[in-house]
1. Do we have A:Leu167 as at pLDDT below 95 and surrounded by fewer than 22 Cβ atoms within 10 Å (Cβ to Cβ) here?
2. Given the conditions (1) away from chain A (no Cβ under 14 Å); (2) within 26 Å of A:Leu82 (Cα to Cα), and given that B:Leu49 satisfies all but one, which numbered condition is not satisfied?
3. Test B:Pro6 against the criterion of being more than 14 Å from chain A (Cβ to nearest Cβ), touching a residue at least 12 places away in the same chain (Cβ under 8 Å) and not in a helix (DSSP H, G or I), and give yes or no.
4. Are any residues in the range B:68-82 within 14 Å of another protein chain (Cβ to nearest Cβ) and either among the hydroxyl-bearing types (Ser, Thr, Tyr) or touching a residue at least 24 places away in the same chain (Cβ under 8 Å) (or both), and if so, which ones?
5. Hey, can you tell me all the residues within the range B:37-67 that are of a type in the set (S, T, N, Q), crowded, with 17+ Cβ neighbours inside 10 Å and free of Cβ contacts under 8 Å to residues at least 12 places away in the same chain?
6. Here are some residues: A:Ala96, A:Ala74, A:Ala91, A:Ala42. Which one is closer than 25 Å to A:Arg151 by Cβ, part of a helix (DSSP H, G or I), under 26 Å from the mean Cα position of the chain (by Cα) and free of Cβ contacts under 8 Å to residues at least 12 places away in the same chain?
7. Residues of the range A:56-82 being surrounded by 14 or more Cβ atoms within 10 Å (Cβ to Cβ) and more than 7 Å from chain B (Cβ to nearest Cβ), which ones?
8. Before we move on, is A:Gly202 within 11 Å of A:Ala284 (Cβ to Cβ) and not aliphatic (A, V, I, L, M)?
Amino acid sequence: MPLFFVFLLAPIAVAIALYRRNPRRFLDGPSEDAPLRLLRWAISLLSPQRAEWGQAMLGELAHLDGRWRRMRFATGCAGAALVMPPWGQAAAGLCAMVAITAASFAVYAGLTVHYRLGAGGWFGVGGWIALAVVLLICVGYLLGASALLRRPGIALPGLIGGLFATLVGLALSGFTAIDQVTYIPTGWHRGVTVLAVPAAIGVAGTLWRRDPAAGRRVARLAALSAGLLQLLYATVAVAILGGGGPPDQDGGFTVRGTVSDRLGNNIVHLAVTTLLIALIGWAAAALTGYLVRRTPTPAADPIGEV
Amino acid sequence: MQRNRPPSPQTVNVLRALAADPARWRYGYDLGTQVNLKSGSLYPILVRLADRGLLETAWEPGVDSRPPRHLCRLTGAGRDFVAALAAARSERSATHPRHLLSEA
């Protein structure tokens, strides 16, 4: 139950913090509207070689009138900027993320087809709807990760953070397929996965880059990559076990029901893992940045006697 | 190593629009409107053409509080490339008259 309140209140707290920092972020003004902010954000992802083209898009947007026309132009440019090469070393990270996501989705789709999940319910298309939702989630994760990977100096610490969170989670739960479907964190395990690891990622990201904004991005990328890695591991575990292993309490008494329940648990776990690491890591990075800024530096001798 | 793939139909349209008046500097948005391309498709094409040296760019100074505006037009190499494209196309049409029929 306390965890439920954390989930409920944390996004509200983040929204209030963001609003207090910059109220204009949520309001359209005549000088900086939503299309301009979107385009500014997108061109900040471009590599330095493409900076001229980013300025070209901004210059063009400044000469367009009409909210709808501006938004269409900015959305198109943002899409182009998101994928425009060169990616440099971030390309390797993106390839890894795409491979992990594609493998997870392929196994998930294979299980849906093999066990005919959802057949019979919702006019026989329930499984396909679930599959489409999972695909949307995966694409969303990849888009978010691709934007973060392009930020200078974020890819390596972010992916290491994701790997770290995954390994700690697996070390606590156990590495076997049965461990994956039966593990329920309790006691200090929960403290480690929910608080210590995400906080460590946020702190390390801030200290690595000496910048709390970078630390927050590192935490977000770590959250996305850890979520996808754990999804792959857990989905493969379900594929290995199928309907075998210990029976689920709430998964029904059929093989199809058990597999469906386990896959559903994996998706919930994906959302929970991502949200927790991103939120706690975000807070830890912000706090670290605040403390680092407040650390007094040796004052210069005002009289010059030394 | 740079690949020499044939240009896409969208790229050909952009090249043709630029070649219609090669001396004239063009704005990105106007060019996109002329060839019916969204900004998300147009700018990657312009970037690739500039990378291949087929396009030159310049800046128009900003007026009032507006930022400078980007301009582009074909280089000499770009004009040669468009001429070569047109020649290759007419040669193909001569070899395969069906193209002429379909274009008519």
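1. So A:Leu167 does not fit the description; no.
2. Single failed check for B:Leu49: (1).
3. no
4. If the condition is that a residue be within 14 Å of another protein chain (Cβ to nearest Cβ) and either among the hydroxyl-bearing types (Ser, Thr, Tyr) or touching a residue at least 24 places away in the same chain (Cβ under 8 Å) (or both), then B:Arg69, B:His70, B:Leu71, B:Cys72, B:Arg73 are the ones that fit.
5. B:Ser39
6. It is A:Ala91.
7. Correct list: A:Leu61, A:Arg70, A:Met71, A:Arg72, A:Ala74, A:Thr75, A:Ala78, A:Ala81, A:Leu82.
8. So A:Gly202 passes the test.
The values are calculated or read from the model by the stated rules, or taken from the named source; none is laboratory data. These numbers come from a predicted model, not from an experiment. Note that each Cβ is placed from the backbone with ideal geometry, even for glycine, and that neighbours are counted across all protein chains shown.
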